[in-house]
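Heads up, the thing below is written out as C-alpha coordinates.
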Amino acid sequence: MKKWKCLKSEFALDSKYFKVKKDIVELPNGEQKEWTYWDSPDSAMVLGMTKDKKLVMIKQYRYMVDNEVIEFPSGYNHEAETIEEGAKREFEEETGYSGNTLIKLGAFYETYGQLNRKIHLFFANDVVKLNKKIDSGDYVPEDIEVALVDYNQAIEMALKNEIVAMGSALAILLLKEKVDKK
(Lines give C-alpha, C1' and ligand atoms only; values in the text may rest on other atoms or scores of the structure.)
Protein backbone atom coordinates (compact mmCIF):
# COMPACT_ATOMS: atom_id res chain seq x y z
CA MET A 1 0.00 0.00 0.00
CA LYS A 2 1.15 3.49 -0.70
CA LYS A 3 1.85 5.86 2.19
CA TRP A 4 0.32 9.25 2.80
CA LYS A 5 2.59 12.28 2.68
CA CYS A 6 2.46 14.91 5.44
CA LEU A 7 2.59 18.35 3.86
CA LYS A 8 2.07 20.43 7.01
CA SER A 9 1.70 19.68 10.71
CA GLU A 10 0.72 22.01 13.55
CA PHE A 11 -0.82 21.85 17.00
CA ALA A 12 -4.54 22.59 17.12
CA LEU A 13 -4.31 22.32 20.93
CA ASP A 14 -1.11 22.25 22.97
CA SER A 15 -1.77 21.94 26.70
CA LYS A 16 0.32 20.32 29.42
CA TYR A 17 -1.67 17.07 29.39
CA PHE A 18 -3.35 16.96 26.01
CA LYS A 19 -2.04 17.73 22.54
CA VAL A 20 -4.07 17.69 19.34
CA LYS A 21 -2.30 17.90 15.99
CA LYS A 22 -3.72 18.96 12.67
CA ASP A 23 -1.89 17.69 9.61
CA ILE A 24 -2.46 18.38 5.95
CA VAL A 25 -1.80 15.11 4.15
CA GLU A 26 -1.59 14.12 0.54
CA LEU A 27 -3.20 10.79 -0.28
CA PRO A 28 -1.68 8.44 -2.89
CA ASN A 29 -4.24 9.68 -5.44
CA GLY A 30 -2.98 13.28 -4.97
CA GLU A 31 -5.99 14.46 -2.96
CA GLN A 32 -5.20 16.64 0.08
CA LYS A 33 -7.04 16.18 3.40
CA GLU A 34 -6.91 17.60 6.89
CA TRP A 35 -6.19 14.90 9.50
CA THR A 36 -6.68 15.81 13.17
CA TYR A 37 -5.56 13.47 15.94
CA TRP A 38 -4.51 13.22 19.57
CA ASP A 39 -0.70 13.31 19.79
CA SER A 40 0.33 11.34 22.86
CA PRO A 41 3.47 9.78 24.29
CA ASP A 42 3.55 6.01 24.60
CA SER A 43 2.18 4.44 27.74
CA ALA A 44 2.60 1.22 29.65
CA MET A 45 0.19 -1.20 31.30
CA VAL A 46 1.15 -3.75 33.94
CA LEU A 47 -0.64 -6.98 34.75
CA GLY A 48 0.69 -7.69 38.23
CA MET A 49 0.05 -11.05 39.87
CA THR A 50 0.39 -11.86 43.56
CA LYS A 51 1.77 -15.17 44.86
CA ASP A 52 -1.79 -16.46 45.31
CA LYS A 53 -2.63 -15.84 41.60
CA LYS A 54 -4.61 -12.62 42.07
CA LEU A 55 -4.27 -9.93 39.45
CA VAL A 56 -3.87 -6.38 40.73
CA MET A 57 -6.53 -4.31 38.99
CA ILE A 58 -8.02 -0.91 39.67
CA LYS A 59 -11.56 0.40 39.67
CA GLN A 60 -12.26 4.02 38.96
CA TYR A 61 -14.93 6.30 37.60
CA ARG A 62 -14.32 7.35 34.00
CA TYR A 63 -16.06 10.57 33.05
CA MET A 64 -16.09 9.99 29.29
CA VAL A 65 -18.19 6.82 29.68
CA ASP A 66 -19.95 7.99 32.86
CA ASN A 67 -19.28 4.70 34.57
CA GLU A 68 -16.99 2.87 36.95
CA VAL A 69 -14.61 0.56 35.11
CA ILE A 70 -12.18 -2.12 36.15
CA GLU A 71 -8.86 -2.14 34.36
CA PHE A 72 -5.16 -2.76 34.73
CA PRO A 73 -3.06 0.19 35.90
CA SER A 74 -1.47 2.13 33.10
CA GLY A 75 -0.19 5.55 32.25
CA TYR A 76 1.96 7.62 29.99
CA ASN A 77 5.71 7.64 30.00
CA HIS A 78 7.64 10.63 31.28
CA GLU A 79 10.21 11.91 28.79
CA ALA A 80 13.30 10.91 30.78
CA GLU A 81 12.28 7.31 31.53
CA THR A 82 12.32 4.06 29.61
CA ILE A 83 9.03 2.33 28.93
CA GLU A 84 9.89 -0.24 31.63
CA GLU A 85 10.65 2.49 34.19
CA GLY A 86 7.34 4.16 33.35
CA ALA A 87 5.50 0.85 33.71
CA LYS A 88 6.95 0.21 37.17
CA ARG A 89 6.29 3.79 38.30
CA GLU A 90 2.67 3.84 37.12
CA PHE A 91 1.96 0.42 38.63
CA GLU A 92 3.37 1.47 41.99
CA GLU A 93 1.66 4.89 41.98
CA GLU A 94 -1.80 3.55 41.11
CA THR A 95 -1.83 0.35 43.17
CA GLY A 96 0.65 0.58 46.04
CA TYR A 97 2.19 -2.68 44.77
CA SER A 98 5.63 -3.22 43.27
CA GLY A 99 6.98 -5.80 40.88
CA ASN A 100 10.65 -6.31 40.13
CA THR A 101 10.41 -8.46 37.02
CA LEU A 102 8.59 -7.23 33.94
CA ILE A 103 7.86 -9.63 31.09
CA LYS A 104 6.84 -7.94 27.84
CA LEU A 105 3.54 -9.30 26.52
CA GLY A 106 3.37 -7.05 23.47
CA ALA A 107 2.36 -3.59 22.35
CA PHE A 108 -0.61 -2.20 20.44
CA TYR A 109 -2.26 0.98 19.26
CA GLU A 110 -5.64 1.77 20.79
CA THR A 111 -7.50 3.74 18.14
CA TYR A 112 -4.90 4.52 15.53
CA GLY A 113 -7.34 6.55 13.44
CA GLN A 114 -7.50 9.25 16.14
CA LEU A 115 -4.57 8.54 18.48
CA ASN A 116 -0.88 7.78 17.86
CA ARG A 117 -0.13 6.32 21.32
CA LYS A 118 1.26 2.82 21.62
CA ILE A 119 0.53 0.89 24.81
CA HIS A 120 3.24 -1.50 25.97
CA LEU A 121 1.92 -4.47 27.97
CA PHE A 122 3.95 -6.06 30.76
CA PHE A 123 3.39 -8.93 33.17
CA ALA A 124 4.89 -8.97 36.66
CA ASN A 125 4.47 -12.26 38.52
CA ASP A 126 6.30 -11.21 41.66
CA VAL A 127 4.28 -8.27 42.99
CA VAL A 128 4.26 -7.33 46.65
CA LYS A 129 2.23 -4.81 48.61
CA LEU A 130 4.18 -1.74 49.66
CA ASN A 131 3.55 0.38 52.72
CA LYS A 132 2.81 3.35 50.52
CA LYS A 133 -0.18 5.55 49.77
CA ILE A 134 -1.65 5.46 46.25
CA ASP A 135 -0.76 8.54 44.18
CA SER A 136 -3.95 10.39 43.27
CA GLY A 137 -2.59 11.73 39.97
CA ASP A 138 -1.22 15.08 38.88
CA TYR A 139 -3.76 15.93 36.16
CA VAL A 140 -7.08 15.07 37.74
CA PRO A 141 -7.00 13.46 41.17
CA GLU A 142 -8.06 9.89 40.58
CA ASP A 143 -10.33 8.05 42.99
CA ILE A 144 -8.77 4.61 42.61
CA GLU A 145 -9.83 1.42 44.35
CA VAL A 146 -7.45 -1.53 44.09
CA ALA A 147 -9.15 -4.85 43.32
CA LEU A 148 -7.42 -8.22 43.58
CA VAL A 149 -9.08 -10.43 40.98
CA ASP A 150 -8.54 -14.16 40.60
CA TYR A 151 -6.67 -14.89 37.35
CA ASN A 152 -9.38 -17.21 35.95
CA GLN A 153 -12.11 -14.79 37.00
CA ALA A 154 -10.36 -11.97 35.12
CA ILE A 155 -10.27 -14.11 31.97
CA GLU A 156 -14.01 -14.80 32.33
CA MET A 157 -14.69 -11.10 32.90
CA ALA A 158 -12.84 -10.24 29.67
CA LEU A 159 -14.69 -12.92 27.70
CA LYS A 160 -18.06 -11.77 29.08
CA ASN A 161 -17.30 -8.12 28.22
CA GLU A 162 -17.25 -7.15 31.91
CA ILE A 163 -13.84 -5.55 31.38
CA VAL A 164 -14.79 -2.82 28.91
CA ALA A 165 -11.40 -1.09 28.78
CA MET A 166 -10.12 -2.42 25.47
CA GLY A 167 -6.47 -2.53 26.50
CA SER A 168 -7.20 -4.40 29.72
CA ALA A 169 -9.42 -6.98 28.01
CA LEU A 170 -6.78 -7.57 25.35
CA ALA A 171 -4.00 -7.73 27.96
CA ILE A 172 -5.61 -10.49 30.03
CA LEU A 173 -6.30 -12.55 26.91
CA LEU A 174 -2.69 -12.10 25.74
CA LEU A 175 -1.51 -13.22 29.18
CA LYS A 176 -3.80 -16.27 29.01
CA GLU A 177 -2.36 -17.17 25.61
CA LYS A 178 1.22 -16.97 26.98
CA VAL A 179 0.34 -18.98 30.10
CA ASP A 180 -1.46 -21.65 28.06
CA LYS A 181 1.60 -22.09 25.81
CA LYS A 182 4.01 -22.56 28.72
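The values are calculated or read from the model by the stated rules, or taken from the named source; none is laboratory data. Nothing here was measured: the structure is a model prediction, and the numbers come from that model. Ligands, DNA and RNA are excluded from the accessible area calculation, which covers all protein heavy atoms including side chains. Shrake-Rupley method; radii C 1.70, N 1.55, O 1.52, S 1.80 Å.
Tell me, in nm to one decimal, what length is gained between K160 and D126 on full extension, where the rule is 0.36 nm per residue of separation less the Cα-Cα distance? Walk me through the intermediate numbers first.
On the way: separation 34, 0.36 × 34 = 12.24 nm, distance 2.74 nm.
That pair, K160 and D126, stretches by 9.5 nm at full extension.
What is the log10 of I(q)/I(0) for the stretch 27-119, computed with the Debye formula using one identical point scatterer on each Cα and no solvent, at q = 0.21, 0.23 Å⁻¹?
With one equal scatterer per Cα and no solvent, log10 I(q)/I(0) is -1.15, -1.29.
Quick one: with all protein chains in place, what share of the accessible area of the chain is carbon or sulfur, to the nearest percent (1.4 Å probe)? List each step's numbers first, then the result.
Working: 5840 of 11390 Å².
Of all accessible area on the chain, carbon and sulfur atoms account for 51 percent.
Could you list which residues have their amide H under 5 Å from that of G48, counting only those 5 or more apart in sequence or on another chain, with H placed in the peptide plane?
V56, A124
In whole Hz and in residue order, list the ³J(HN,Hα) couplings for the stretch 117-133 that follow from phi through the Karplus curve 6.51 cos²θ - 1.76 cosθ + 1.60, θ = phi - 60°; x for Gly and Pro.
With the stated coefficients, the stretch 117-133 comes to 6, 9, 9, 9, 9, 10, 10, 10, 9, 10, 6, 9, 6, 9, 8, 8, 6 Hz.
Between the stretch 151-182 and the stretch 8-61, how far is it from one alpha carbon centroid to the other, in angstrom?
22 Å
Relative contact order for the chain: what is it in percent, counting Cα pairs under 8 Å that are at least 6 residues apart? It would help to have the intermediate numbers written out before the result.
Details: 359 pairs, mean separation 39.0, N = 182.
Over the chain, the number comes to 21 percent.
Please list, or write none, the aspartates and glutamates whose alpha carbon is within less than 19 Å of the alpha carbon of K181, excluding same-chain residues fewer than 8 places away.
List returned: E156.
Using the heavy atoms of the protein chains alone and a 1.4 angstrom probe, what is the accessible area of the stretch 37-182 per residue in square angstrom? Could the numbers behind the result be given before it?
Numbers: 8340 Å² over 146 residues.
In whole numbers, the stretch 37-182 has 57 Å² accessible per residue.
Which far-off residues, 5 or more places away or on another chain, put their amide H under 5 Å from the one on A12, with H placed in the peptide plane?
V20, K21, K22
Just to verify a number: what accessible area does I103 come out at with the full protein assembly present, 1.4 Å probe, Å² rounded to tens?
Accessible area, nearest 10 Å²: 70 Å².
Using every alpha carbon pair in the chain, what percent of pairs falls into each 10 Å bin from 0 up to the bin containing the largest distance?
In order of increasing distance, the bins hold 9, 33, 32, 17, 8, 1 percent.
Which order do M45, M64, M166 take when ranked by solvent-accessible area (1.4 Å probe, heavy atoms of all protein chains), largest first? Mind showing how you got there, number by number?
Numbers: M45 10, M64 170, M166 100 Å².
Ranked from most to least accessible, the order is M64, M166, M45.
Would you pull out the residues with amide H under 5 Å of D42's amide H, same chain only if 5 or more places away, H placed 1.01 Å from N?
N77, K118
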